[in-house]
1. On a full-extension model of 0.36 nm per residue, what is the gain between ALA10 and THR22, subtracting their alpha-carbon distance, rounded to one decimal in nm?
2. Quick one: what Rg and Dmax do you get for region 14-193 from the alpha carbons, in Å?
3. At a Förster distance of 25 Å, what's the computed FRET efficiency of GLN172 paired with THR2, Cβ-Cβ distance as r, to 0.05?
4. Please work out the FRET efficiency for the pair ALA137 and TYR60, using the Cβ-Cβ distance as r and a Förster radius of 35 Å; give the result to the nearest 0.05.
5. Report the full-extension gain for the segment ALA41 to ASP79: residue separation times 0.36 nm, less the Cα-Cα distance, to one decimal in nm.
6. Which one, PRO48, PRO181, PRO14, has the greatest fluctuation when you compute a Gaussian network model over the chain with C-alpha springs under 10 angstrom?
7. Mind ordering 89-100, 35-46, 147-158 by average Cβ neighbours within 10 Å, highest first?
8. Could you list TYR119, TYR161, TYR78 in order of exposure, starting from the residue whose Cβ has the fewest other Cβ atoms within 10 Å?
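None of the figures in this text is laboratory data; all of them are computed from the coordinates on show. Since we're looking at a predicted model, the values are computed, not measured. Heads up, the Cβs are rebuilt from the backbone with ideal geometry, glycines too, and the neighbour counts pull from every protein chain shown.
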Amino acid sequence: MTPSSFPDPAVDLPAGDPAERTAVLAGGCFWCTEAVFKELAGVRDVRPGYAGGTADTADYRTVCSGTTGHAEAIAITYDPARTSFGMLLKVFFSVAHDPTQLNRQGNDRGPQYRSAVFYADEDERRVAEAYIGQLDAAGVFDAPIATTLEPLEAFYEAEDYHFDYAARNPFQPYIVHISAPKVDKLRRAYPERLKSGSDA
């Protein structure tokens, strides 16, 4: 399974309308997913946080208990004229995490590490469902896709110290062994989709 074996989305949202959109995706530890998506051209901002639960338990210590219903997620604000929701999904499934793992990513275990697309509207749900169907039809994974499609009720930003965590802690062992290889994989697989110096 390599990113080159992943199809482009056959169903997608219209380009450039509106001028800015936000996608909320959960694929394990948000340190890793944030680091990947911050590299993409057209992505204006990436914020780590919690989706799928309520405000009263949306804090890191409580979410880590796995009992709150939240997933560690990221809110990706992007320019639809430069990238699309479907292309964000392609990177999500091919690079950012392993969508065949149920309620875990590697050694991170629990429903807070689940694979999920939190759709803001019916159009996002339709595109995500269609792309998962494409991946199934293409047989790019040897195991069933475990990604859930969940309506986005709210997104709660994480504590300040989680923002830009990988960039600020490049020598932390988790970042070295888990996060950095995902970023390297993105750079090798999609060099044409990376930010240029003027985007940084």
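1. 2.3 nm
2. Cα only, region 14-193: 15.2, 42 Å (Rg, Dmax).
3. Given R0 = 25 Å and the Cβ-Cβ separation, E is 0.35.
4. 0.40
5. Taking ALA41 through ASP79 to full extension adds about 12.8 nm, to one decimal.
6. Answer for the Gaussian network model of the chain: PRO14.
7. 89-100, 35-46, 147-158
8. In order of increasing Cβ crowding within 10 Å: TYR161, TYR119, TYR78.
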